[in-house]
Structures are given as C-alpha cells and as structure tokens.
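The values are calculated or read from the model by the stated rules, or taken from the named source; none is laboratory data. This is a predicted model, so every value here is computed, not measured. Because the Cβ atoms are built from the backbone with ideal geometry, glycine has one as well, and the counts that use them run over all protein chains shown.
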Amino acid sequence: MFNTGIATKLRSIRDNILFKELKYVPTSIEKPRHLIQSKSQAWVGLESIVKDIIQFSNCQTNHALEFGVEFGYSSSALSNYFKKVTGVDIFTGDEHAGFHGDIFELTKSNFKDFPNIELIKSDYRDFIKDNAQQYDLIHVDIVHTYEATYECGLWSAQHSTVTIFHDTESYRDVKRAVAAIAKATHKKFYNYKKYNGLGIVI
C-alpha cells in the first residue's frame with residue numbers, strides 16, 4: 001500500500017513547482033474576541049491568523065470586502081481588525097456550500113452587535129461591474145469553480161493590497177485559479193494548508 005504521507009509530500013512538492021506556491025507560516029496566532037457562533041466548521045481556525053495576515057501583507061485596516069458571506073463567521077472575524085467590512089453574497093448558497101434558501105435576514109440578524117459590518121445582497125458580477133473602488137483586504141469564498149474564482153479573484157487582486165481565497169486545499173480548481181491570478185497580476189501566491197486551505201495573494 002502506498003504511504004499517504006509520502007503522497008501528500010509529493011503533491012506538495014509538485015504544487016510548489018506547478019503553481020509557484022509559497023508556504024505560508026504564521027508567526028503569531030490570535031483568536032478574535034468578538035465572533036458569532038459558526039454554523040459551519042469550514043472557516044474555523046482561520047480566524048486566528050487574520051491579524052498575522054494583516055501584518056505579513058502590511059495592509060491598512062480601513063476597509064475589508066468579502067465575496068461569499070453565508071452565515072457570516074469569517075465576516076465577524078474580519079470585523080475585529082477592520083474599521084469596516086462589506087459582505088457581498090446572493091445569500092442562497094451554491095452547489096459546493098449547499099443550498100439554504102434565502103438566508104439574508106438570518107445572516108443580517110447575526111450581526112446585530114457588529115455595527116461595522118455592511119451586507120449587500122448581490123451576485124459578485126453585478127457588484128464588480130464598473131466598480132473601481134480599492135480595498136485593503138478582499139476575501140473570496142464563492143462557488144468553487146475555476147471560472148468564477150478566477151473572474152472574481154482577478155478583480156479582487158487588482159483592487160486590494162492582499163486577497164485571500166478559501167478552500168485552496170479542498171478544491172483543486174480554486175488553487176489553479178489563485179495561481180493563475182498571482183501570475184496575471186505579478187504577485188506572489190502563499191498557501192496556508194490548514195482548515196481547507198487559504199490562498200494569500202500579495
């Protein structure tokens with residue numbers, strides 16, 4: 001039987017070469033004080049490296065934008081470090097996150113104690129159309145196809161100091177798209193392999 005540990009290591013080496021993927025190693029771990037209860041475990045763990053990413057990328061902390069809010073756990077984490085967080089989502093789920101029906105009002109109610117979070121019910125394509133605004137950090141966690149991640153992520157990388165992408169380890173197409181975005185924008189692609197993977201484009 002082929003050793004799975006060896007297979008994982010070989011895949012990691014291949015990815016480093018194929019995607020020019022750099023390993024992200026946080027220097028500090030800090031859990032934000034003010035979080036909502038997570039209805040999904042997907043982003044749990046990543047909240048503790050948000051401050052480290054800010055320091056690593058040397059980005060400002062005025063305005064963060066998030067594509068893909070769902071119930072809002074990651075938004076609540078970002079709100080601890082940014083003066084304003086704007087969350088954009090269709091609030092009905094997708095083929096990868098699951099379909100929930102319309103959860104906009106439910107998610108909005110989760111943020112009753114978070115005055116710095118603004119929610120916008122919109123498809124990312126409508127939001128980015130003719131939008132030239134710049135952000136300090138953008139988080140992309142939408143449907144995990146190559147095409148959607150690339151389209152949304154390319155705009156995001158062009159309109160932010162640092163762009164982060166969830167699920168680089170869970171969905172190969174997300175990692176492929178992030179690597180292509182880094183190449184197209186002449187930026188670096190760092191990958192944090194824990195908690196389903198977080199791609200960081202700086």
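What's the total number of residues in region 22-50 that are at pLDDT 95 or above, under 23 Å from Asn110 (Cβ atoms) and either among the β-branched types (Val, Ile, Thr) or out of contact with any Phe, Trp or Tyr (no Cβ under 6 Å at 6 or more places or on another chain) (or both)? Summing the residues that are at pLDDT 95 or above, under 23 Å from Asn110 (Cβ atoms) and either among the β-branched types (Val, Ile, Thr) or out of contact with any Phe, Trp or Tyr (no Cβ under 6 Å at 6 or more places or on another chain) (or both) in region 22-50 gives 12. For region 41-66, what are the residues that are in contact with an Asp or Glu (Cβ under 7 Å, 6 or more places away or on another chain) and closer than 28 Å to Phe127 by Cα? Answer for region 41-66, where residues must be in contact with an Asp or Glu (Cβ under 7 Å, 6 or more places away or on another chain) and closer than 28 Å to Phe127 by Cα: Lys51, Cys59, Gln60, Thr61, Asn62, His63, Ala64. Looking across region 104-120, the residues that are without any contact (Cβ under 8 Å) to a residue 40 or more places away in the chain and in contact with a strand residue (DSSP E or B) (Cβ under 7 Å, 6 or more places away or on another chain) come down to Phe104, Thr107, Lys108, Asn116, Glu118, Ile120.
In region 30-88, which residue that is among the polar types (S, T, N, Q) and either on the phi > 0 side of the Ramachandran plot or not in a loop (DSSP other than H, G, I, E, B) (or both) is nearest to the chain's Cα centre (by Cα)? The residue in question is Ser74.
Within region 159-186, being touching a strand residue (DSSP E or B) at 6+ places or on another chain (Cβ under 9 Å), assigned to a helix (DSSP H, G or I) and among the hydrophobic types (A, V, I, L, M, F, W, C) holds for Val174, Ala177, Val178, Ala179, Ile181, Ala182. So, in region 24-42, of the ones that are among the charged types (D, E, K, R) and surrounded by 11 or more Cβ atoms within 10 Å (Cβ to Cβ), which residue ends up farthest from Val201 (Cα to Cα)? Checked region 24-42; the qualifying residue farthest from Val201 (Cα to Cα) is Lys39. Annotation: of all residues in region 136-158 being touching a strand residue (DSSP E or B) at 6+ places or on another chain (Cβ under 6 Å) and not β-branched (Val, Ile, Thr), the one that is farthest from Phe56 (Cα to Cα) is Cys152.
A search for C-beta distances below 6 Å between a residue of region 154-170 that is under 15 Å from His186 (Cβ atoms) and any residue that is of a type in the set (D, E, K, R) and not in a helix (DSSP H, G or I), counting only pairs 6+ apart in sequence or on different chains, returns Thr161/Asp136.
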